[in-house]
Amino acid sequence: MFIIGPMEDDGDSRERGLLKWITWSAVGLLSVLLLVSLGRFVETASIWLDYAYPRSGTEGLTLYESLIIKRGGDIYDPITTDRFISAPYPPIYYLLAASVLPDKPPNFSSTGTITSLFQPGRLISLLAAIFTAALIPLLVVFDGRYNKRGRGNISGAMAGGVVGAGLWLTLPPVLVWSLVFRSDMLMIFFTAAGLLCIAAGCRSTRQNADEPSTRRGLALSSQASLLTLGAFFFALAFFTKQTGFAGPLGAGVYLLLRDWKLGVKWCALMAAFVIVPFALLDLVTGHWFYLKLVDYHSLPLRFSILTRLLHTALWDDQWPLVVLAIVYAVYLLFGWLKTRGEFGNGLSLIAVFVLASFVGLPTGAVVGADHNHLLMPGLAICAAVGALLAELIVNINRAKLQNLRRMWPLQTVAALICAYLLFTSAPSSAYDVNLEASHR
């Protein structure tokens, strides 16, 4: 993994202790800074959760379509001259939102006690963002196989993962879309859950071959269950919002590179989990499911929209994290290629997912695209930064770095994270209207 420099064995336990002290002090400092930055997440939630009006044009539309489902209607009905229901997304979020919306409309005669009709849907998004953050440390641990390296390594890996989780909750797109009555954040949660299942399910071929047959059979059965569950979560992500393809794309490439036979089987299963329900839904809606999700949702692409989005809503204040994630992904993938991918042991799901998430960025070029298209790369970036920090911490704990002069990678990572927190203390103007209370 991410090991800097050769091992040195000078027997100087005092210097090793100093290295560990510096490392955990840096982690503690980052944690304190993150806690301060997370105050904005709490503040944003308190401002916007019960806001009585739609925050964007599509919030009202999503509420309307969810209410149709709650009253037994069909949002995929044909579009006629008398009735137009847009319904540009798959049904999972609509169904979940409909289940938590109140049975009766608010009593508008007493204006001081009215609860916003948007609150239940926004609460789904808020909880999805928090649960996604909780999955990031677990993803870091399982992807780096720290669960097999001993308790001390797990604690170091969890520390890096927790920092990645904290970064996720400070991302400006997360601050906005975790409090919007829309399907984006739930799709991200299902993607994170799928990635965790894939990372937990993957086991080294060499390790399984050396185990007793009974134990190996149990391991293979567990692997099959987890990989199937991962495909199921990715299918849920797709049927929450159809742009949620970066997770299964990254997982499919990862499994194909590790073990192409297993990868082909998993890709076939993943395709079945999407194609069969899609075909059934299209059949029962008289082809309107396809028309509304694909045909009528096909908008023109404008390269200028994508470049403006990437510049003002991503690069301006998040460039330190972007740089760290790209360096981490490229370093690991290059190292894996140098060893010719022996047994797939050095391959990282998070690294592959980083590149897969960038593949989906052109969806942000459609007319009307907003910074919700940056949520998937944001998840990948925060997981990668957490994984990078975890590897550096674990290497120091395992005495792989025994010289203060070799601390520069950790110092660089910590400095860039601090720079990001400084830049996002006043987010880019692209987020002003969505974050400032004065715009309510």
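Any read-out appearing in this document is the output of simple, stated calculations on the displayed coordinates, not a laboratory observation. Computed from a predicted model, the values in this text were never measured in an experiment. All Cβ positions, glycine included, derive from the backbone under ideal geometry; neighbour counts span all protein chains shown.
For this structure, a couple of remarks:
- Separation of segment 353-379 and segment 154-198, taken as the distance between their Cα centroids, equals 15 angstrom.
- When the P(r) of segment 215-276 is calculated, the portion above 15 Å amounts to 50% of the C-alpha pairs.
- Net length gained if the chain between LEU95 and VAL284 were fully extended (0.36 nm per residue, minus Cα distance): 66.4 nm
- Between ILE154, ILE85, ILE124, the residue with the greatest mean-square fluctuation in the GNM of the chain (Cα pairs under 10 Å linked by springs) is ILE85.
- Span-like helix ranges in the chain, DSSP H, alpha carbon extent 30 angstrom or more, Kyte mean at least -1.0: 13-48, 119-143, 213-238, 260-284, 316-338, 375-397
- Taking 19 Å as the cut-off, the amide N atoms of segment 299-341 that come nearer than this to a point 7 Å along the Cα-to-beta-carbon line of GLN223 belong to 341.
- Listed values for segment 78-85 are Karplus-derived 3J(HN,Hα) couplings in whole Hz (6.51 cos²θ - 1.76 cosθ + 1.60, θ = phi - 60°), namely x, 7, 10, 5, 9, 8, 10, 10, and x replaces Gly and Pro.
- Within the chain, the ratio Rg/Rh, alpha carbon atoms throughout and Rh by Kirkwood, equals 1.00.
- Most mobile listed residue (THR240, THR191, THR285) in the chain, GNM with C-alpha springs under 10 Å: THR285
- Cα-based Rg of segment 158-299 normalised by 2.2 N^0.38 Å, two decimals: 1.24
- Taking the chain as a Gaussian network of alpha-carbon nodes connected by springs under 10 Å, the highest mean-square fluctuation of the residues ARG71, ARG122, ARG302 belongs to ARG71.
- Nitroxide proxy distance, nm - points 7 Å out along Cα→Cβ at SER86 and SER25: 5.4 nm
- Rounded if a/c under 1.5, otherwise prolate or oblate - segment 63-144, Cα gyration tensor axes: oblate
- Taking amide H as placed 1.01 Å from N in the peptide plane, the amide H of VAL366 sits under 5 Å from that of ARG302, each at least 5 places away or on another chain.
- Cα-Cα P(r), segment 288-327, percent of pairs per 10 Å interval: 26, 27, 25, 20, 2
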